[in-house]
Amino acid sequence: MSGYRFQRKLIKVEDAQQAVLHHVRLQEREEVLLEESFGRRLAESVCASHPVPHFRRSGVDGYAVRAEDSYQASPENAVTLEVTETIPCGVIPVSGVERGQAARIMTGAVVPSGADAVIMLEMTEASAREVCIRKRMDKGENITPIGHEVQEDELLLQLGQTIGPGEAALLAAFGYERVWVFRKPRVAIFSTGSELLEVGRPLEHGKIRNSNSYMLACQVQEAGGVPLIMPILPDDPECVEAALLKIMEQVDFIITTGGVSVGDKDVLVDLFERWDGRLLFNKVAMRPGSPTSVGLWRDRLLFALSGNPGASYVGFELFVRPYMRGLLGYSAMIHNEITGSLQTDYSKGSAYPRYVRGTVSVNNSSVFVKPAGKDKSSNMVSIKDADCLICIPAGGRGAAKGETVRVILLKEPDL
Ligand SMILES: Nc1nc2c(c(=O)[nH]1)N[C@H]1C(S)=C(S)[C@@H](COP(=O)(O)OP(=O)(O)OC[C@H]3O[C@@H](n4cnc5c(N)ncnc54)[C@H](O)[C@@H]3O)O[C@H]1N2
Ligand code: MOO
Ligand SMILES: [Mg+2]
């Protein structure tokens, strides 16, 4: 056995992240139908080509009037106005409103020239061609002025923004039948390990089903990519090398899990010894996942995550998700971080900072965090319950209840 497995240069999580992000390049763009763009990342910024509203809009069903005509109106003193026309939505008024006149108007319709207030229907008494009003109106009342919500040329959507309901509404309102979005990164996911069974296989003694590939595929999809779940790879470096090389041209990057530690069968380590790629790092000061390794091979990144499910999950969040955000045009690639108060003692010390799967709650404007469940690197049940990673600093004592800790939000809105 070569001594390589033990020659590792430890680097900090932040430095490892920067080493990965150094290789971010924007995905190319593609144009898709608006209805197919939901959840995609915008590859163009969108400015308002017209103000909203682009005409003076009535906010209520009622009568468009000249406010000055109502100045004498009161509950005791009705003012009678001549009704000139009825203006439904989408129709251009035939005439303006002169002194002593009113036009019946619907919510969302164009306010005719001359009118500067709309009185609600319920506050009027109408007869054949006349309307009585008993309320003094202010200028502008119930009229939305041009550009009230959006000014022409205003920046509405930024490059990299995820298209959700609000973005879709804006794009539709501004006539974007088709939208430029970033092509989804295609990501090949390989689990390595001769102990792994395909999901449909019956359990065998000493073997386990491959869960990491499905967990990671879900993470890739959540992050806006297309996961390709590849067949399980045996602990054979030649097989691993051949399989990765075969798919490499067809994907944007590759994720593997397992085989990065110092065991006899840790095949990714063997691959790193024999390949013609460049290793960015192979030891990170973190728990779980200290043997997480990332390399650059034929212009593609290879994220070699640790096989333990907890380490694999955290490795994706700390390194792969920020990289994917970069590919898809986000400017803030690293997760949002807040601080919170630890609700329980976390007495497990560690030589490296720990990223504990946790849950966040807010009480009286204060943020509280606690571990989501069993937190060993090999545990997978707590992954589903985690909405944050609690950062426990390195040291022999862990952290005490009430201590303020850094918190990485996992379920944040896409920014
Ligand atoms: N002597 C040492 N042993 C270990 C060290 C060390 O420094 N010295 N590091 C430990 C740490 S920390 C971790 S993390 C693991 C890393 O292991 P590997 O990345 O090499 O992963 P494997 O050995 O292949 O598997 C570990 C564990 O995870 C299970 N596994 C693997 N793939 C999957 C999958 N697709 N789905 C579900 N579970 C999976 C596998 O069966 C093992 O139980 O090494 C420690 N050892
Ligand atoms: O780095 Mo490992 O995931 O702590 O067991
Ligand atoms: Mg191993």
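Values quoted throughout were computed directly from the atomic coordinates according to the rules given, and no laboratory measurement underlies them. Quick caveat: nothing in here was measured; it's all calculated off a predicted structure. Glycine gets a Cβ as well: all are built from the backbone with ideal geometry, and neighbour counts include every protein chain shown.
Would you compute, from DSSP H runs of 4+ residues alone, the mean residue ellipticity of the chain at 222 nm, taking -39500 (n - 2.57) per run and dividing by the full residue count, rounded to the nearest 500?
Numbers: 7 runs with 63 residues, N = 415.
My calculation for the chain gives -4500 deg cm²/dmol from helical runs alone.
Cα-based Rg of the range 85-163 per 2.2 N^0.38 Å, rounded to two decimals? Could you put the intermediate results ahead of the total?
Details: Rg = 16.8 Å, N = 79, 2.2 N^0.38 = 11.6 Å.
In units of the 2.2 N^0.38 Å rule of thumb, it is 1.45.
Length gain on complete extension for the stretch Arg397 to Ala19, per 0.36 nm per residue less the alpha carbon to alpha carbon distance?
On the way: separation 378, 0.36 × 378 = 136.08 nm, distance 3.01 nm.
Result for the pair: 133.1 nm of gain on full extension.
Can you sort Lys184, Lys12 by how many other beta carbons sit within 10 Å, fewest first? Each step should come with its number before you reach the end.
Values: Lys184 22, Lys12 14.
Arranged by neighbour count, lowest to highest, Lys184, Lys12 become Lys12, Lys184.
Mind listing the Cα extents of the range 1-160 along all three principal axes, in Å, largest one first?
101, 32, 23
5 Å is the cut-off here: which amide hydrogens, built 1.01 Å from N in the peptide plane, fall below it relative to Leu410, excluding neighbours closer than 5 in sequence?
So Leu410 has HN proximity to Cys388, Leu389.
Pulled fully out, how much extra length does the chain show between Ala128 and Met248, if you take 0.36 nm times their separation in residues and subtract their Cα-Cα distance? Display every interim value, and only then the final one.
Details: separation 120, 0.36 × 120 = 43.20 nm, distance 7.78 nm.
In short, 35.4 nm is gained.
Which length gain, in nm to one decimal place, applies between Asn363 and Ala332 when the Cα-Cα distance is subtracted from 0.36 nm times their residue separation? Working shown, then result.
Working: separation 31, 0.36 × 31 = 11.16 nm, distance 2.75 nm.
Taking Asn363 through Ala332 to full extension adds about 8.4 nm, to one decimal.
Going by average Cβ density within 10 Å per residue, which order do the peptides 59-71, 269-281, 194-206 take, highest to lowest? Could you put the intermediate results ahead of the total?
Working: 59-71: 20.1, 269-281: 17.0, 194-206: 10.8.
Ranked from most to least packed, the peptides come out as 59-71, 269-281, 194-206.
Using the count of nearby Cβ atoms within 10 Å as a rough guide to exposure, how do Ile334, Ile119 rank from fewest to most?
Values: Ile334 16, Ile119 26.
In increasing order of surrounding Cβ atoms, one gets Ile334, Ile119.
Counting each pair of different Cα atoms once, what's the Kirkwood radius of the range 288-415 in Å, rounded to one decimal?
Here the Kirkwood hydrodynamic radius works out to 15.4 Å.
For the pairs Lys12/Lys401; Lys207/Lys370; Lys348/Lys411; Lys348/Lys401; Lys12/Lys348, note any where the Cα-Cα span goes beyond 22 Å. Mind dumping the intermediate values first?
Working: Lys12/Lys401 26 Å; Lys207/Lys370 32 Å; Lys348/Lys411 25 Å; Lys348/Lys401 13 Å; Lys12/Lys348 20 Å.
The answer is Lys12/Lys401; Lys207/Lys370; Lys348/Lys411.
Where Lys and Arg each count +1 and Asp and Glu each count -1, what net charge lies around Gly289 among other residues with Cβ under 11 Å from its Cβ? Walk me through the numbers before you get to the answer.
On the way: positive: Lys283, Arg287, Arg354; negative: Glu317.
Overall, the nearby charge balance is +2.
Give me the base-10 log of I(q)/I(0) for the range 237-306 at each q in 0.17, 0.18, 0.20 Å⁻¹, Debye formula, one uniform scatterer per Cα, rounded to two decimals.
Reported log10 I(q)/I(0), two decimals: -0.55, -0.62, -0.77.
Quick one: if you take sqrt(5λ) for each eigenvalue of the C-alpha gyration tensor of the range 147-252, what semi-axes come out, biggest first, whole angstrom?
Working: eigenvalues 388, 51, 15 Å².
Working through the eigenvalues yields semi-axes of 44, 16, 9 Å.
What is the P(r) of the range 291-363, as percent of Cα-Cα pairs per 10 Å bin from 0?
Once binned at 10 Å, the Cα pair distances of the range 291-363 give 14, 37, 35, 11, 2.
Using a Debye calculation, one point per C-alpha and no hydration shell, please list log10 I(q)/I(0) for the chain at q = 0.08, 0.11 Å⁻¹ in order.
-0.61, -0.85
Can you sort Ile189, Ile247, Ile408, Ile390 from fewest to most other Cβ atoms within 10 Å of each residue's own Cβ? Provide the component values of the computation, followed by the final result.
Values: Ile189 23, Ile247 15, Ile408 19, Ile390 26.
The most exposed by this proxy come first: Ile247, Ile408, Ile189, Ile390.
Give me the percent of DSSP beta bridges within the chain that run antiparallel, rounded to the nearest 5.
On the way: 58 of 83 bridges.
Once the DSSP bridges in the chain are tallied, antiparallel ones form about 70 percent.
List the residues of the range 227-249 whose backbone N lies under 15 Å from a point placed 7 Å from the Cα of Ser194 along the Cα-to-Cβ direction.
233-240
List the residues, sorted by chain then number, that are 5 or more residues from Ala304 or on another chain and whose placed amide H is less than 5 Å from its amide H.
Residues meeting the criterion, in which the H sits 1.01 Å from N, are Thr256, Ser293, Val294, Gly295.
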